[in-house]
1. Of all residues in the range B:68-111, count the ones that are touching a residue at least 60 places away in the same chain (Cβ under 8 Å) and open to solvent by less than 70 Å² (accessible area, probe 1.4 Å).
2. Being within 7 Å of another protein chain (Cβ to nearest Cβ) and not in a helix (DSSP H, G or I) is the filter; apply it to the range B:56-67 and report the residue that is surrounded by the fewest Cβ atoms within 10 Å (Cβ to Cβ).
3. Do you know which residues across the range B:40-56 are among the small types (Gly, Ala, Ser) and within 16 Å of the ligand (Cβ to nearest atom)?
4. For B:His3, indicate whether it is within 16 Å of the ligand (Cβ to nearest atom), in a loop (DSSP other than H, G, I, E, B) and touching a helix residue (DSSP H, G or I) at 6+ places or on another chain (Cβ under 6 Å).
5. Six or more apart or on different chains, Cβ under 6 Å: which pairs go from a residue in the range A:120-147 that's more than 10 Å from chain B (Cβ to nearest Cβ) to one that's of a type in the set (Gly, Ala, Ser)? Could you list them?
6. Does B:Leu37 qualify as being at the interface with another protein chain (Cβ under 7 Å from one of its Cβ atoms) and within 11 Å of the ligand (Cβ to nearest atom)?
7. When you look at B:Glu19, is it over 30 Å from A:Tyr27 (Cα atoms) and of a type in the set (Asp, Glu), yes or no?
8. Which residues, taken from the range B:17-55, are surrounded by fewer than 16 Cβ atoms within 10 Å (Cβ to Cβ) and not in a helix (DSSP H, G or I)?
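The values are calculated or read from the model by the stated rules, or taken from the named source; none is laboratory data. All values reported here derive from a predicted model rather than from experimental measurement. As a convention, Cβ positions derive from the backbone with ideal geometry for all residues, glycine included, and neighbour counts pool all protein chains shown. Each accessible area value is taken on the protein alone, full model and side chains, heavy atoms only, with ligands, DNA and RNA left out. Shrake-Rupley method; radii C 1.70, N 1.55, O 1.52, S 1.80 Å.
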Amino acid sequence: MHKDEKQWARQAQEGNADAFSNLVVAYQKQVFSVCYRMLGTPTAAEDAAQEAFIRAYKAIDSYDVERSFATWVLSIASNYCIDQIRKRKVTLLSMDNEKYGWLAPPAQDPTPERSLVEKEKQAQVHALLETLSETDRAAIVLQYWHDFSYQEIAEALSLTVSAVKSRLFRARKTMAEEWQKEPLVPQVTHIPSERIAHESPTL
Amino acid sequence: MNHQPYETWILLETKLDAEQEREYYQHLRTCSQCRRLAQAQREIEHLFATSPAPYPQPGFTSRWKERLAKVEEGRKNFATWIMLSVLTLAFLFTLVGLSLQIISRAEYFPQLIAVAISQAARWFNLLTSLENFFSPVLRVGIKLIPQSWILAFIFSLSGIVTTWVITLSKNSISFNKEVTG
Ligand SMILES: [Zn+2]
């Protein structure tokens, strides 16, 4: 964790809301990303990300500054999303008009073709994540996009490490089966099967 | 065909030693199901790795600050509401207690009423005598005091009141800012 961020967290613990808003600036993208992958629409993701930061701000006293702020705030965000899915039965398809609504990074200006490919990929990601239960989805999102270790996922989702492993195994199997059912793969993601047969799973 | 431990190796990306790796390739050559699983797993990984990162709309932090201010405002209102409820309850309890006391002393009611009437009469007498004394003094006094003095007195009094009002309102604004900012 960056030295400044430790400082901001300490100041926030002393009640300095401005110091905390520096942390919001620094981690908004990661928190939004978790919420977006969990809930599937930009509106739901925005609301959940905002709420996750409010909860983090209220609970800042319980945060240990020696540990990663990202891990802490992302576990708050993923648990909030899990609750939302359970409570309101937010499904990835609930808001058809903004389904997979894509927000391009401000610095980039994708060409129409690239934007189309990206939208297609986003749709495929959501279609796969949608096949998972909320907890399995959170485990997958935290592992794939936020580099959480088994231990960190276990702590974030209040599970044992072996439960995390079996959930990830089940989730990946479900997604692989789904993937084989419908050939959603666009040309860009195609990988020749011979290459795969000659690669070890760790590569 | 038994697909374990190959399925686990594929899906959990287990690190394999040389012997396991040889065994793994051996199985893949003969098992189309595990081959397909491995391929699907690779393609999904590639999709996840290349799918673009979502960004929040610009102004996320200022929207967060607004939301926090609302939450804190709500909390403050809640605290005020609780305080008022407690005060109201305390007042009601006192009232109930008093009325119970009064009821328990019902036998003294005639005496109490008589005392209250005599007290009221005494106060009324005092006020009348005060008025009798002061009204000629006031009538003469007003004539004696120059009009400019009276004007100056009224002017300074209103000045003091205005200053008070301004100071109080400024204090409450800065208090609100402290709480919400
Ligand atoms: Zn097999």
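1. Matching residues across the range B:68-111 total 3.
2. Looking at the filtered set, the residue picked out is B:Pro58.
3. Listed by number, the list holds a single entry, B:Ala40.
4. yes
5. Correct list of pairs: A:Leu132/A:Ala171; A:Asp136/A:Ala171; A:Ala138/A:Ser78.
6. yes
7. Against the criterion (over 30 Å from A:Tyr27 (Cα atoms) and of a type in the set (Asp, Glu)), B:Glu19 qualifies.
8. B:Asp17, B:Ala53
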